[in-house]
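Scroll down for the structure; my scribbles are underneath it.
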Amino acid sequence: MPRIRASSIPEHKALTRRQILDAARELIRESGTADLDLAELAAVAGIGRTTLYEYFRDRDDLIASLVEEELPEVIAGLTSQTPPGGSPDQRLLRLAELTVEFVATDPVLGLILHREVPRLGSNAQDRIRMAHTDLSASLVGLYLDAVKAGTYRPIAPDLAGRLIHDVTMSAARSAIAAPERLREVTENLRLFLHQGFASRSR
C-alpha cells in the first residue's frame, strides 16, 4: 500500500489528484499540446501509472477535469473586470474582449479550449461545455440587460448566446493565428458585436 502523505486518506487522495492535475498543466504549458503521454505524466507527478488510473479514466477525463477545476475561477476573474457601473452593452463587449485575450494567450486552458476540445470524446466535450455555463450566462444576461435598456434589439436568448460564443471564438482563433494582431482583432470583435445587436432605432 502506498505511503499516505496526509493526515487522512481523503486528504491524501485530494493531494494526489491535485498533484496529477498540476503535472498535466505543466506538461501542457511546456509542450504546447494536450496530447499527453500518461506514462510521462505519471512520472512527472511522482506516482505509478496504475495509480493515475485510480483518479482519471483516460486522457479525456483528465483534460475535462483540469478544465472543470480551473475554468470557473478564470471566468470569475474575467467577469469581475466588468464592474456593474458600466452600461450592459459595454460590459458585454468588454467581457467578450477579455475572453478572446484569455483564450488567445493562456498556454494551458486557452490551448485546450481552442485546439483540443474537438479531439475529445463527446462526454468530455459536454463536461467542458458545462464548465462554460457561468460565462455564457453572464454574456447572455448582459445582452438581455442591453435589450431592456433599448441599446440592443431583441432576438431569442439562445440564439444570441450562440452568436456571441461563435463570433468570440472565431476572433480568438484569428488572434491565435496572428498574435501581433490581438488588439486589432478585439477592437473589431467589439465593433462587430455592437453593430450586429444594435437597436435599429439608434
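What follows draws every value from the coordinates through simple rules; no lab data is involved. All values derive from a computational prediction rather than experimental measurement. We place every Cβ from the backbone using ideal geometry, glycine too, and count neighbours over all the protein chains shown.
Some points to look at:
- Between 0 and 90 degrees, the angle of helix 182-197 with respect to the longest Cα principal axis of the chain falls at about 50 degrees.
- Estimated FRET transfer efficiency (GLU69, ARG173; beta-carbon r; R0 25 Å; 0.05): 0.50
- Centre separation in Å (Cα based) which lies between the stretch 15-57 and the stretch 67-124: 24
- The candidate values were (i) 18.6; (ii) 17.6; (iii) 19.1; the one computed from these coordinates for Kirkwood radius over Cα pairs in Å carries the label (i).
- Cα-based shape type of the stretch 1-56, given that a ≥ b ≥ c are square roots of the gyration tensor eigenvalues and the cut on a/c is 1.5: prolate
- Amide H within-cut-off set for TYR152, under 5 Å, with H built and near neighbours excluded: VAL147, SER199
- Cβ-placed point charges (K, R +1; D, E -1), dipole of the chain about Cα centre in debye, nearest 20: 480
- Compared with the dominant principal axis of the Cα atoms in the chain, helix 133-148 is inclined by about 10°.
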